[in-house]
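Worksheet: one structure, shown below.
The values are calculated or read from the model by the stated rules, or taken from the named source; none is laboratory data. Note that the structure is predicted; figures quoted are calculated from it, not measured. Note that we place each Cβ from the backbone using ideal geometry, even for glycine, and neighbour counts take in every protein chain shown.
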Amino acid sequence: MNAQALKTETTTDRHPLAGQAMSGAEVIVQVLADEGVGVMFGYSGGAILPVYDAVFRYNAEHACADGSEPMPLVVPANEQGAGFMAAGYARASGKVGVAIVTSGPGATNMVTPVRDSMADSIPLVVICGQVGTAAIGSDAFQEAPISNIMGACAKHVFLVTDAAQLEATVRTAFTLARSGRPGPVVVDVPKDVQNTALSFRGTGELALSGYRTRLRAVEQATLGDADCATFFHALMQAQRPLIYAGGGVIAAAASAALRAFVDAFGLPVTTTLMGLGGFDSTDPLALHLLGMHGTAYANYAVEDCDFVLALGARFDDRVAGVPDKFAPRAKFIAQIDIDPAEIGKVKPVGWHHVGPLQRALERLTAYGRAHGFKPQLAEWHAHVAELKRVHAMNYDRASALIQPYAVLEAINRHTRGRAIVSTGVGQHQMWAAQYFDFRAPRHWLTSGSMGTMGFGLPAAIGAQFAHRDKLVIDIDGDASIRMNIGELETVTTYNLPVKVVVLNNVGDGMVRQWQKLYFKGRFAASDKSLHKKDFVRAAQADGFEWARRLERVGELEATIADFLAFDGPAFLEVMIDPDAGVYPMVGPGASYAQMITGDFIASRAAAVVREDSSSHMF
Amino acid sequence: MNHTLSILLQNEAGALVRVAGLFAARGYNIDTLTVAATHDPTVSRLTLSLQCDDDALGQILQQTRKLVDVLQVAHPATALAA
């Protein structure tokens, strides 16, 4: 790569189009094609017209045998939708998502998906049109200082002022997006640069010597024998070791390596919201979600453990709200991450490794096996199994009102962790995280760090483009879906068989839950009972042939079955119990021991009274 | 405690803004800042001073090293002490 790639233009790896005259816009499209981009998302406008025209001509000239376009450009209702479609595509496929938008409002509408993708480490390349070079800084029509704005929230932003650098810049954007800790890269291209006559080179990237030097050091980092020995010395002293797995397991494609490590050494695994799918949640050693709305058994296991192995996880405030009280009995914390800045950022660690997670886990597994390390964890496993039994997720199963948990359980009985699920943000998001099975990576698409309402629908659309034959379900809330409800039409325009579920509790449920707890039940701006939206008719107006409202408990099973079986876009609104809450809940400033479990999940204090034989360990 | 950092960065449009923006966004207050070209015209040297404790210093050093335009970050006092 890099400097070497610039030099080694031999005849053998010469691009077939090298030396060809192209406009800047054509160069951009050719680089996208070379990078294997299969679909793009974007909205047109004045400053990006040359690129859109080049995409049109590329698709016309390279039509597939069946007449389809090799690089279709999917048009949303709003640029934010395009950004989340690209992010949904990237999350579901592991490839770089691509969005192309115009200058000014087109680009500023893209700020939220870019920041969202940065916060969740999702690789995107966003191409923005910009006003002509001569007009930059003149308050021109549809001008915005995108390199300034995006510079604050993207992994990197390029403003291409020298057309000669355009080709290398676009190619480099892909390398930056997918390498190291992935993230969004924005390329801001003035209209005159798009129209400049260039000669295509077909190879070469920007030097970026600082970034590449640091990247090489991280990518080549290996665990030496002494590192492994220290790790296993601590692990073998532990009686209650626990793995805390984050989104890094998925980004690093390390779930198979994690599986092998657990098979070898028997550590139970709890996953963050971003890590769901990184370890099969139906496994006996899986503790599912931890944190503010984690399962009670996962959070109690964190309370009880004496050793934590953090894998691609960053102790964020939804997990370690009070860092000093997180895993209070842990005598040893080990951390592996690709980002040196995450090591010890929140919680001091006794052992760490900065490097590719998959290789690190494979190395530890090989070292531990070769040296015959086999932690004796029978007692801990029994304790974990008992925690899972006693503190299982539960809810009011006798209620006359439809419980949201029951809806998700009914869907899960059909999907069994094999559907791709996206969500908005709020109660429905937490319920989906708690009540679905997660069997494999890249099946769970959620705005974890930024918590962007409106993420679910466009993310599902992007995911369906990544996996045309898979079942993709958007689990949404009535408030979240309103944020990008224009994208309902995008589903039917492209005839995507996306299934949209709106759990309607007539307002911002999570906000109301906090208002009940901390604001004496004053529902400031969170009640939507006077809102007039008829979601079913809205979906029908946008072309959904299957659009229904479910209001009676007795019709739940049959309706879900019919909904999921429909061959095409389907929209299901479910009127749920508006008072249903998200439990467990670790309140702000509280420790896991102070977790509220609600009326239907046993809290530890209650469990001790009932279960005198549950555990002899504590 | 007062710390002085020396940062080498690629002389690209927006690079200075990105460094200053990172410090601002993460709640660090820059006391002094000077930027000058080096003998290599594609590289600038940015010298800045700020008040923060050692943990916070370690974190901002790591975050600065994540900026793509940054070639090198040095904390000369640590280097001398080490």
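Which of the residues that make up the stretch A:302-319 are crowded, with 22+ Cβ neighbours inside 10 Å and within 24 Å of the chain's Cα centre (by Cα)?
Step one: filter the stretch A:302-319 for residues crowded, with 22+ Cβ neighbours inside 10 Å, giving A:302, A:304-305, A:307-315, A:319.
Residues satisfying the conditions are A:302, A:308, A:309, A:310, A:311, A:312, A:313, A:314, A:315, A:319.
I need the full set of residues from the stretch A:555-605 which are among the aromatic types (Phe, Trp, Tyr) and either on the phi > 0 side of the Ramachandran plot or assigned by TED's automatic domain parsing to the domain that holds residue A:534 (or both), in order please.
Those that are among the aromatic types (Phe, Trp, Tyr) and either on the phi > 0 side of the Ramachandran plot or assigned by TED's automatic domain parsing to the domain that holds residue A:534 (or both): A:563, A:566, A:571.
Test residue A:117 against the stated conditions and say whether it is of a type in the set (Ser, Thr, Tyr), closer than 21 Å to residue A:81 by Cβ and assigned to a helix (DSSP H, G or I).
yes
Name the single residue that is farthest from the other protein chains (Cβ to nearest Cβ) among those in the stretch B:19-44 being assigned to a strand (DSSP E or B) and among the hydroxyl-bearing types (Ser, Thr, Tyr).
Only one residue fits best here, namely B:32.
Restricting the search to the stretch A:154-178, which residues are over 22 Å from residue A:26 (Cβ atoms) and within 9 Å of another protein chain (Cβ to nearest Cβ)?
The answer is A:155, A:156, A:157, A:176.
Does the stretch A:504-525 hold any residues that are crowded, with 18+ Cβ neighbours inside 10 Å and over 21 Å from the mean Cα position of the chain (by Cα), and which are they?
Within the stretch A:504-525, A:504, A:505, A:507, A:508, A:509, A:511, A:512, A:513, A:515 qualify.
How many of the residues in the stretch A:330-360 are over 22 Å from residue A:121 (Cα atoms) and either free of Cβ contacts under 8 Å to residues at least 12 places away in the same chain or basic (Lys, Arg) (or both)?
Going through the stretch A:330-360 one residue at a time, the tally reaches 1.
For the stretch A:188-228, enumerate the residues that are closer than 27 Å to residue A:46 by Cα and within 13 Å of another protein chain (Cβ to nearest Cβ). Walk me through it before giving the result.
Pass one, the stretch A:188-228, residues closer than 27 Å to residue A:46 by Cα: A:188-200.
Selection gives A:188, A:190.
Here is a list of conditions, (1) within 21 Å of residue A:564 (Cβ to Cβ); (2) touching a residue at least 40 places away in the same chain (Cβ under 8 Å), and residue A:549 meets all of them except one; can you say which number that is?
It fails just one condition, (2).
Consider residue A:116 against the criteria (1) away from chain B (no Cβ under 14 Å); (2) more than 25 Å from the chain's Cα centre (by Cα); (3) among the acidic types (Asp, Glu); (4) within 22 Å of residue B:17 (Cα to Cα): it satisfies all of them except one. Which criterion is unmet?
The single condition residue A:116 does not satisfy is (2).
Looking at B:16, B:8, B:48, B:67, which one is more than 10 Å from chain A (Cβ to nearest Cβ), crowded, with 16+ Cβ neighbours inside 10 Å and not in a helix (DSSP H, G or I)?
B:48
Of all residues in the stretch A:55-94, which are of a type in the set (A, V, I, L, M), in a helix (DSSP H, G or I) and buried (at least 21 other Cβ atoms within 10 Å of the Cβ)?
Answer for the stretch A:55-94, where residues must be of a type in the set (A, V, I, L, M), in a helix (DSSP H, G or I) and buried (at least 21 other Cβ atoms within 10 Å of the Cβ): A:55, A:82, A:85, A:86, A:87, A:90, A:92.
In the stretch A:504-535, what residues are closer than 13 Å to residue A:580 by Cα and touching a strand residue (DSSP E or B) at 6+ places or on another chain (Cβ under 6 Å)?
A:504, A:507
Of a type in the set (A, V, I, L, M, F, W, C) and part of a helix (DSSP H, G or I): which single residue out of A:440, A:432 fits that description?
One residue alone meets the criteria, A:432.
Between residues in the stretch A:562-587 that are at pLDDT below 95 and residues that are among the polar types (S, T, N, Q), which pairs lie under 9 Å by C-beta distance while being six or more apart or on different chains?
Cβ pairs passing all conditions: A:587/A:594.
Restricting the search to the stretch A:136-152, which residues are facing chain B (nearest Cβ under 10 Å), more than 22 Å from residue A:44 (Cβ to Cβ) and assigned to a loop (DSSP other than H, G, I, E, B)?
If the condition is that a residue be facing chain B (nearest Cβ under 10 Å), more than 22 Å from residue A:44 (Cβ to Cβ) and assigned to a loop (DSSP other than H, G, I, E, B), then A:152 is the only one that fits.
When the residues of the stretch B:70-82 are filtered to those that are assigned to a strand (DSSP E or B) and more than 7 Å from chain A (Cβ to nearest Cβ), which remaining residue is modelled with the lowest pLDDT?
Going residue by residue through the stretch B:70-82, those that are assigned to a strand (DSSP E or B) are B:70-74.
Restricting the remaining residues to those that are more than 7 Å from chain A (Cβ to nearest Cβ) gives B:73-74.
On the way: B:73: 96, B:74: 93.
Residue satisfying both the conditions and the ranking: B:74.
Show me the strands (runs of 3 or more DSSP E) found entirely inside the stretch A:451-554 where at least 2 residues are on the phi < 0 side of the Ramachandran plot and acidic (Asp, Glu).
Working: elements: A:472-477, A:499-504, A:546-550.
Hits in the stretch A:451-554: A:472-477.
Taking interchain pairs and intrachain pairs at least six residues apart, which have beta carbon atoms under 7 angstrom, with the first residue in the stretch A:60-87 and outside the structural domain of residue A:455 (by TED's automatic domain parsing) and acidic (Asp, Glu) and the second exposed (fewer than 15 other Cβ atoms within 10 Å of the Cβ) and part of a loop (DSSP other than H, G, I, E, B)?
From residues that are outside the structural domain of residue A:455 (by TED's automatic domain parsing) and acidic (Asp, Glu), the pairs are A:69/A:63.
Would you check if residue A:170 is crowded, with 20+ Cβ neighbours inside 10 Å and outside any helix (DSSP H, G or I)?
Answer is no for this residue.
Would it be correct to say that residue A:358 is over 19 Å from residue A:291 (Cβ atoms) and polar (S, T, N, Q)?
yes
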